[in-house]
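Visitor: Structure provided below as structure tokens; questions to follow.
Read the figures in this text as sums done on the coordinates, not as results from a lab. Everything numeric here is computed off the predicted structure, so don't read it as measured data. As a convention, Cβ positions derive from the backbone with ideal geometry for all residues, glycine included, and neighbour counts pool all protein chains shown.
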Amino acid sequence: MSFRDIVVYLDAGRHTANRVRTAADLATRHHARLVGVDISTTTALEEALAVQREFVRALQGTTIDFEYRKASPEARTAEELYSHCADLLVATQSNPDDRHLSNPAVPEDVLLSAGVPMLVLPAGWTAENPIGNNVVVAWNFSREATRAVHDALPILSQAQKVYLFIYAPNYSEENEDVQDIKAHLERHGARVTLAGWRDRGETDMASALFAGLDREDADLIVCGAYGHSPLSEAIFGGATKTLLGNVSMPVLMSH
């Protein structure tokens, strides 16, 4: 398995340059074609005129096969935002400071509708270091987690370390289901370290996950998105919202 087509969303905001740098690094490592999709709004006006120029300038002189496309400001569907023919989408989390410059369907609506994994970068992401060397997989045996793990295999198989974080009341490294997922990833070339947490009702999964990150030199989280409905998570809280809003770590999500 490998990434062959990566879509990176472009806009007139200040985070696009670093987003392109990260997407370009992934395209280089996976020998993928990179499509920059401009999702600038009509509000961006003159600022949007430079988006294509800056994207092309960033990739000229590289070995990457790339293309620029412009989405309509009214685009809302995954098809209109060119996501269906991609193996990976790259976006930045919603940022109130320049949200008016970017299509509101990205990242969450596209993540929910595209059927394609999305790498969501923190709003302050500087792209100083590549991602995917030390990866934490948030695993809970759900459909969404299963989808995320298989979508992320091109990254997991190349990572230096993969920390398999499992949050469960009966967690034990000796459990058959824990050993099964570890062995499955290892058969794909992943170098897996178990990093489980026994749920005793004292904390939630997201808090436990980030507490574990303090002990690991992680640069990416892989997890499923919206195991419950978005409305349910908005009302009652949920790990997806917490992870999408975190300010320190890129997250690769699948739904």
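Visitor: Hey, what number do you get for the chain at 222 nm if only DSSP H runs of n ≥ 4 count, each worth -39500 (n - 2.57), divided across all residues, to the nearest 500?
Guide: Value at 222 nm, helices only: -8500 deg cm²/dmol.
Visitor: Any lysines with Cα under 18 Å of the LYS161 Cα? List them, leaving off those in the same chain fewer than 8 positions away.
Guide: Those lysines meeting the cut-off are LYS182.
Visitor: While we're looking at this one, here's another question. Based on the mean of other Cβ atoms within 10 Å per residue, sort peptides 164-175, 99-110 so the most packed one is first.
Guide: Numbers: 164-175: 15.5, 99-110: 20.5.
Packing order, densest peptide first, comes out as 99-110, 164-175.
Visitor: Also, quick follow-up: Taking H placed 1.01 Å from N in the peptide plane, check which residues at least 5 places from PHE66 or on another chain put their amide H under 5 Å from its amide H.
Guide: Counting only residues 5 or more places away or on other chains, the set is LEU34.
Visitor: Next question. Which trypsin sites (Lys or Arg not before Pro) does the range 179-219 hold that lie in a coil by DSSP with at most 16 other beta carbons within 10 Å?
Guide: Details: sites: LYS182, ARG187, ARG191, ARG198, ARG200, ARG215; in loops: ARG191, ARG200, ARG215.
Counting only loop positions with at most 16 other Cβ atoms within 10 Å, the trypsin sites (Lys or Arg not before Pro) in the range 179-219 are ARG191, ARG200, ARG215.
Visitor: How much length is gained if the chain between ASP217 and THR28 is pulled fully straight, taking 0.36 nm per residue apart and subtracting their Cα-Cα distance, in nm to one decimal? If you can, show how the numbers build up before the last one.
Guide: Working: separation 189, 0.36 × 189 = 68.04 nm, distance 2.31 nm.
Separation in residues times 0.36 nm, less the Cα-Cα distance, equals 65.7 nm.
Visitor: Just want the answer: with Cβ charges of +1 for Lys and Arg and -1 for Asp and Glu, which residue in SER102, LEU121, ALA48 is farthest toward the dipole's positive end in the chain?
Guide: Farthest towards the positive end: ALA48.
Visitor: What relative contact order, as a whole-number percentage, does the range 39-124 give when Cα pairs under 8 Å and 6 or more residues apart are counted? Don't jump to the answer; show the numbers that get you there.
Guide: On the way: 90 pairs, mean separation 30.2, N = 86.
That works out to 35 percent.
Visitor: Also, I was wondering about something else. Which GluC sites (Glu not before Pro) in the range 1-103 sit in a loop by DSSP (not H, G, I, E or B) and have at most 12 other Cβ atoms within 10 Å of their own Cβ? Before the final figure, lay out the partial values.
Guide: Details: sites: GLU46, GLU47, GLU54, GLU67, GLU74, GLU79, GLU80; in loops: GLU74, GLU79, GLU80.
Filter output for the range 1-103: GLU74, GLU79.
Visitor: Compute the relative contact order of the chain as a whole-number percentage, counting only Cα pairs closer than 8 Å that sit 6 or more residues apart in sequence.
Guide: Values: 497 pairs, mean separation 50.6, N = 255.
Reported relative contact order: 20 percent.
Visitor: Let me ask something else about it. Most mobile of THR193, THR22, THR92 per a Gaussian network model of the chain (Cα springs, under 10 Å)?
Guide: THR193
Visitor: So which chymotrypsin sites (Phe, Trp or Tyr not before Pro) in the range 77-162 pass both tests, a DSSP loop state and at most 12 other Cβ atoms within 10 Å of the Cβ? Before the final figure, lay out each step's value.
Guide: On the way: sites: TYR82, TRP125, TRP139, PHE141; in loops: TYR82, TRP125, PHE141.
Answer by residue number: PHE141.
Visitor: Set the Förster distance to 25 Å, then compute FRET efficiency between ARG99 and VAL56 from the Cβ-Cβ distance, nearest 0.05. Could the numbers behind the result be given before it?
Guide: Numbers: r = 25 Å, r/R0 = 1.01.
E(calc), rounded to 0.05, equals 0.50.
Visitor: Restricting to the chain, what percent of DSSP beta bridges are antiparallel, rounded to 5?
Guide: Working: 4 of 40 bridges.
Approximately 10 percent, going by the DSSP bridge assignments.
Visitor: LEU10's amide H: which non-local residues (gap 5+, or another chain) put their own amide H closer than 5 Å, with H modeled 1.01 Å from N in plane and none for Pro or chain starts?
Guide: Long-range HN contacts for LEU10: VAL37, ASP38, ILE39.
Visitor: Net charge near MET253, counting Lys/Arg +1 and Asp/Glu -1 over other residues with Cβ under 12 Å of its Cβ?
Guide: Values: positive: ARG147, LYS241; negative: GLU108, GLU144, ASP151.
Taking every Cβ under 12 Å from that of MET253, the sum is -1.
Visitor: Apply the Karplus parameterisation 6.51 cos²θ - 1.76 cosθ + 1.60, with θ equal to phi minus 60°, to every residue of the range 120-134 and state each ³J(HN,Hα) to the nearest whole Hz, in sequence, with x for glycine and proline.
Guide: Running phi through 6.51 cos²θ - 1.76 cosθ + 1.60 with θ = phi - 60° gives 9, 8, x, 4, x, 4, 9, 6, 6, 10, x, 10, x, 7, 10 Hz.
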